[in-house]
Amino acid sequence: MHFVWLLVLLLAACKKPEPAPETGEGPCRSLMFEGDRFTLCRDPLARLELHVAGRDGRPYRSFAALEHVLGARAPKVRFAMNAGMFDEDGRPIGLAIAGGQEVKAINRREKGGGNFHLQPNGVFLVRSDGRSEIVPSRAFEPSADIALATQSGPMLVIDGAVNARFSPDGTSRFVRNAVGIDPDGVPLFVISDSAVSFGKFARLFRDELKCRNALYLDGSVSSLWDPVNGRMDSFSGLGPMLVAFRD
């Protein structure tokens, strides 16, 4: 009997928390699209940072660990999402630039398994002047003014068109998260509240959010930290994380 209760407690601890009720004060809000609910985070005044690993070189793997390391900076977090494909140790398998320093070089290999190699994959980057861009990996050009970058895949929307490799609403469905850039140049971070297909997720960015380019960040372990609404997803196997700060 004690074993059964222990198993129940462990399963409860691993369950992804339900989205918290919105207060209306933060950068994250819910929206419905084609019958599914999503959470959108947008803050044009926030400063984005990519967090890959601590000073000891070990990836954080969870928002709780990141919060602990941030210490006095943690209250300045507006939101955070996991952002980019990674290996079993949580290290990026594609381009990662944090604080202007290259952590991992661009991966231009186009053949391989997993979503990362579903072409075209792409790079989300922010330049030192604050401009955000999403470009296909094959078009990425290194530059000294890139403050952060993360490579992931596949691209959801390319120059206003849904990735031609997607079916309209395929059977591969997961909780997913992604980033797009709206017509005002502000990056939009979106996570689905339930399992959705690539096709539906791409249409959300193209048709509802009017993004000409959007990049898939991850699936199945997709996670959000939304302090204002009391949400911190508890997956403990994350890779790189994009964090939005307000000073």
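Once you have a ≥ b ≥ c as the square roots of the Cα gyration tensor eigenvalues for the stretch 173-247, tell me rounded if a/c is under 1.5, and otherwise prolate or oblate according to whether a/b is larger than b/c.
Verdict is oblate for the stretch 173-247.
Over the stretch 144-192, what percent of the accessible surface lies on carbon and sulfur atoms, probe 1.4 Å?
On the way: 980 of 1810 Å².
It is 54 percent, rounded to a whole number.
Give the residue from G57, I181, A149 lying farthest towards the positive end of the charge dipole for the chain; charges sit on Cβ (+1 for Lys and Arg, -1 for Asp and Glu) and the dipole is referred to the Cα centre.
Final value for the positive-end residue is G57.
If you average the sequence gap of Cα pairs under 8 Å that are 6 or more apart and divide by the length of the chain, what percent do you get for the contact order? Don't skip to the answer; put the middle values down first.
Details: 565 pairs, mean separation 74.5, N = 247.
For the chain, the relative contact order is 30 percent.
Using a probe radius of 1.4 Å on heavy atoms only, what accessible surface per residue do you get for the stretch 39-148? Whole Å² is fine. Can you show the working numbers first?
On the way: 5640 Å² over 110 residues.
Per residue, the stretch 39-148 has 51 Å² of solvent-accessible surface.
At what distance in nm do the modelled label points of R55 and A144 sit from each other, each positioned 7 Å from its Cα along Cα→Cβ?
2.9
Can you tell me the order of 230-241, 151-162 when each peptide is scored by its average per-residue count of other Cβ atoms within 10 angstrom, highest first? Display every interim value, and only then the final one.
Working: 230-241: 19.7, 151-162: 21.7.
Result, highest mean first: 151-162, 230-241.
Once a ≥ b ≥ c are taken as the square roots of the eigenvalues of the Cα gyration tensor of the chain, is the result rounded (a/c under 1.5), prolate (a/b larger than b/c) or oblate (a/b not larger than b/c)? Let's see the in-between values first.
Working: a/c = 1.32, a/b = 1.17, b/c = 1.13.
In terms of gyration-tensor shape, rounded.
So, with a 1.4 angstrom probe, what is the percent of accessible area on the stretch 195-241 that is carbon and sulfur?
47
Quick one: dipole size for the chain, taken about the Cα centre, charges +1 on Lys/Arg Cβ and -1 on Asp/Glu Cβ, in debye to the nearest 20.
Values: 30 positive and 29 negative charges, 64 e Å.
The calculation lands at about 300 debye.
So how far apart, in nm, are the two label points at A72 and S194 if each is 7 Å from Cα heading toward Cβ?
4.6
The values are calculated or read from the model by the stated rules, or taken from the named source; none is laboratory data. Quick caveat, the model's predicted, so the values are computed rather than measured. When we count neighbours, we look across all protein chains shown, and the Cβ atoms used for this are built from the backbone with ideal geometry, even at glycine. All accessible areas refer to the heavy atoms of the entire protein, side chains included, with ligands and DNA or RNA removed. Shrake-Rupley method; radii C 1.70, N 1.55, O 1.52, S 1.80 Å.
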